[in-house]
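So the structure is just underneath, and the comments pick up after that.
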Amino acid sequence: MNWVDTIVQGILLGGLFALFAMGLAVIYGVMRLINIAHGDFVVLGAYLMLSIALTAHLSPFAAAAIVVVLFAVLGYVLQRTILDRALGGDLLAPLVVTYGLSVIIENGLQQAYSADSHSLQIGALETASVHFGPIAVGIMPLLVFGVALAVAVGLELLFNATPLGMAFRATSDDRATARLMGVRDFQLYGYAAAISLGVTALASFFMGVKYTFTPTLGPSFLLYAFEAIVIGGMGSFWGTFTGAVILGVAQTIGFAIDPGWGILTGHLVFLAVLVVRPQGLFPKVVA
Amino acid sequence: MTYTVRRATQASKLAAAAGALLLVAFATLPWWSSSRDFMQLVVEFVCILTIAQMWNLLAGYGGLISIGQQAFIGIGGYTLVVLVNNLGVEPFLAVLLGGAFTAVLALPTALVVFRLRGAYFAIGTWVVAEVYRLFVANLAFLGGGSGQSLIGLAAIPVDLRQIATYETAIALAVVAIFGVFLLLRSPLGFALTAIRDSEVAAESQGIDVWRTRLAIYVIASGVTGLAGSLYFLSALRISPDAAFGMNWIPLLFFTVVIGGIGTVEGPILGTLLYFVLRQTFSGFGTWYLIALGALSIAIMLFAPTGLWGLVQRTTKLRLFPIQSIVNLNSVNPSGEL
Amino acid sequence: MSGPLLASRALAAYYGDFQALFGIDLELGEGERIAIIGANGAGKSTFLASLAGALAAKTGEIHFDGARIDGRDAASVARLGIALVPEGRRLFPSLTVEENLRMGRFAGRPGPWTLARVYDLFPVLREKRRAPAPSLSGGQQQMAAIGRALMANPRVLMCDEVSLGLAPAVVRAIYGALPLISADGIAVILVEQDVELARKSTDRVYCFTHGRISLSGRSAELTKDAISHAYFGV
């Protein structure tokens, strides 16, 4: 196994995982909601991009832009109508509700698109690569990594340097007191859901280009996103980004050893972090 | 002041009588009915009901919401297969051993997942289930990704095997329903309910929350493994996806949550409903599943105590009374006690 | 303006089946300073929470500036100009001191209170502006919590037990800020355990006992005996 090549591929795969994870991190960070349908939204986005590109004769890039906006709106609406009602009580409600959503999305997709696999075609760009010495690095994976980095930076800025981000952090700390400040928490949650789904749509695009996707791929993406967040440590997007990269490297090394062991290696690294350092590798220190 | 404490209600006495009758009827079924398909259905029903009751014990009483119990269904199933196929163990002993081995594995599993709380615990259990699935799928001697059949049973006459499987299921049903009921009325059960109501208060009463939760996790997972063993004994074939697959989760959500979480009656109602709906609507494929998903959401948002909860609220019915009812017998004429 | 700025009529409040307040009639005039005293569990904090819109289970009426506000939620009440400094300070732990103060701005009301003015009132906060809120001492946190409420430029400031757990010198410093707050015409409700402090810093006092008003009157006129009697219900 060419170690350098494997690790580089792993890091770039981590970029895609980071995009999976960012949306989940936003929603969990603000509302403490684990959206079990998160991975299914990634898949849903890709199917929507496919359909829009085909029916409106647009390039997948244009379709992606449309779906990002569409998803942001969908996120807001979903939050205000269904998810808000599930919050605030015990843990079971959000789990069952988002699980129900997951079932609906998966089966709806199967109904609409059958179980055949599809992919987003972007032509030559998909396989174009660039050479750094002896290593060939795909343009798309580099692009994904770059976008993921930009998203991480963007989210950190949003949360730490804007009033909206400050409101997010305050409400996530203490919802009742935030209300006393005049923060309209339900509206705020809507914005968080909109951001979460918008970012997730970006993940949809790159996933759709990289993989052939089927309606049932969602849950595995959720797991990767979740593992990235836990490995990296809760509370910071940089932590999530790093966790995703670690997961990507772990999986890629596992695959190189034996294809059946790729995903399992990632799970094992996750469990190891859980046992040894449950707060994650880079948790944000909150007193 | 004198008082009496009673634990049964009118309804529960009736239910107990009806239950005894039902039990006799079902236990003797192979001799008065020739429908082997129905027997198979009953076995499946019992397995699912048991798994549902165990999940209810964990989530509804223990406050441990796990979406990874399929790990133990799978461990139970594969243990059975290995014992029967590779080690030639007598099948019904193998079922019991399947449960026991699952309980053994549940202990280290708990030590890992108990480091997480809440939603993180839930997904952590799921990851663990995935790990088991992938592990098993990678091991050739277990049949790999496509699984294997229970060839070790080929020597047993079909009719005998089917009846024996069925009666084992009836026995399991009694354990699942009655056993849970007794557990909840035991000190462990009360500790659980106390923890569910208020962890802090329970601890101040000397209840070791961690130990209690561990005990319940191991017990529930072990019995889940037992049900898994029986399930695959009846199915005659196992594969990693069937054993450890995610399909078990919506099943549990549906039977327990829609039936009524946190009650003994709820999962029974939920499992019944699930089977009725499945037999009636399964021809509709994905639309049926979409409807189930939507129904789960609706119940969770608008009737979180489930169908049995609705029944309880309107009729105050308790078929499995867990609480004690205190009747005050007399008060002095002057109003003193 | 005729009539009081803020008033409750026959206000009752519940926590589930438990009734915490029984028919409270209370008035606060424009620019007035009143104190609510009473033993633990008397319902003082519950009352403030009800006024602030943080407690949904209540009957009776709350009037503010001539309009009924008892149906409004907490965010909406805050935006009207009623600010609560909650019991236990409740600063946001993930935020710095300055960010906590800025959170007060979300009520969106214009007025003289700015970051600079809050820092002038409590200079120690300026020193610690970039520190994480939990790193402050109890007294400093209390100042920050009051500053945060002032940033909303409220018409009514409600303080729940600001002296609790603080050293006398710190309490003096905080209470010393009151005249400046009143000078802007902000009406103040102080919930206080320390009866003397309450009496000295306010115009009128209400005493709560078991969810009811057991005594009310002008601070200067109430005798210690009368207060003890009402306070302990003896």
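Scoring A:Arg85 on the criteria (1) surrounded by fewer than 18 Cβ atoms within 10 Å (Cβ to Cβ); (2) assigned to a helix (DSSP H, G or I); (3) touching a residue at least 24 places away in the same chain (Cβ under 8 Å); (4) within 14 Å of chain B (Cβ to nearest Cβ) leaves a single failure, condition (3).
Each row is one residue, and each column tells you yes or no for (1) over 16 Å from the mean Cα position of the chain (by Cα); (2) aliphatic (A, V, I, L, M); (3) farther than 17 Å from B:Gly76 by Cα; (4) crowded, with 19+ Cβ neighbours inside 10 Å.
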| site | (1), (2), (3), (4) |
| --- | --- |
| B:Val209 | yes, yes, yes, no |
| B:Val223 | no, yes, no, yes |
| B:Ser229 | no, no, no, yes |
| B:Leu233 | yes, yes, no, yes |
| B:Asn247 | no, no, no, no |
| B:Phe254 | no, no, yes, yes |
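Residues that are under 24 Å from C:Gly88 (Cβ atoms) number at least 3 in the following strands (runs of 3 or more DSSP E) confined to the stretch C:131-234: C:156-160, C:187-192, C:204-209. Checked against the criterion of being touching a Gly at 6+ places or on another chain (Cβ under 8 Å) and either surrounded by 19 or more Cβ atoms within 10 Å (Cβ to Cβ) or more than 22 Å from C:Gly29 (Cα to Cα) (or both), the candidates C:Arg172, C:Arg204 yield just one match: C:Arg204. The residue list A:Leu142, A:Leu120, A:Leu125 contains one member that is of a type outside the set (Phe, Trp, Tyr), surrounded by 24 or more Cβ atoms within 10 Å (Cβ to Cβ), more than 14 Å from every other protein chain (Cβ to nearest Cβ) and farther than 19 Å from A:Ile34 by Cα, which is A:Leu120. Checking every residue in the stretch B:110-124 against the condition of being touching a residue at least 60 places away in the same chain (Cβ under 8 Å), under 30 Å from A:Thr265 (Cα atoms) and assigned to a helix (DSSP H, G or I) gives at least one match. Among the residues of the stretch A:88-103, those identified as surrounded by 21 or more Cβ atoms within 10 Å (Cβ to Cβ) and aliphatic (A, V, I, L, M) are A:Leu92, A:Leu95, A:Val96, A:Val97, A:Leu101, A:Val103. When the stretch C:65-91 is filtered for residues that are within 7 Å of chain A (Cβ to nearest Cβ) and assigned to a strand (DSSP E or B), only C:Leu84 remains. Considering the stretch A:191-287, there are no qualifying helices (runs of 4 or more DSSP H) wholly inside with 2 or more residues that are in contact with a strand residue (DSSP E or B) (Cβ under 6 Å, 6 or more places away or on another chain) and away from chain C (no Cβ under 14 Å). Among the residues of the stretch C:175-200, those that are surrounded by fewer than 20 Cβ atoms within 10 Å (Cβ to Cβ) and in contact (Cβ under 8 Å) with a residue 60 or more places away in the chain comprise C:Leu178, C:Ser182, C:Asp184, C:Gly185, C:Gln193, C:Val195, C:Arg199. Among the criteria (1) assigned to a helix (DSSP H, G or I); (2) under 30 Å from A:Pro283 (Cα atoms); (3) within 14 Å of chain A (Cβ to nearest Cβ), the one C:Ser94 does not fulfil is (1).
Consider A:Ala112 carefully, then state whether it is within 14 Å of chain B (Cβ to nearest Cβ), assigned to a helix (DSSP H, G or I) and surrounded by fewer than 17 Cβ atoms within 10 Å (Cβ to Cβ). Judged against the criteria, A:Ala112 is a match.
C:Glu221 passes every criterion in (1) loosely packed, with under 15 Cβ neighbours inside 10 Å; (2) in contact with a Phe, Trp or Tyr (Cβ under 7 Å, 6 or more places away or on another chain); (3) not hydroxyl-bearing (Ser, Thr, Tyr) apart from (2).
Suppose the filter is in contact (Cβ under 8 Å) with a residue 60 or more places away in the chain and either of a type outside the set (S, T, N, Q) or not in a helix (DSSP H, G or I) (or both); does C:Gly104 pass it? Answer is no for this residue.
Is it the case, given these coordinates, that B:Gln40 is polar (S, T, N, Q), crowded, with 20+ Cβ neighbours inside 10 Å and assigned to a helix (DSSP H, G or I)? Taking the combined requirement at face value, the residue does not satisfy it.
Read-outs: derived from the displayed coordinates by stated rules, not from any lab. This one's a predicted model, so the numbers in the text were calculated from it and none came from an experiment. When we count neighbours, we look across all protein chains shown, and the Cβ atoms used for this are built from the backbone with ideal geometry, even at glycine.
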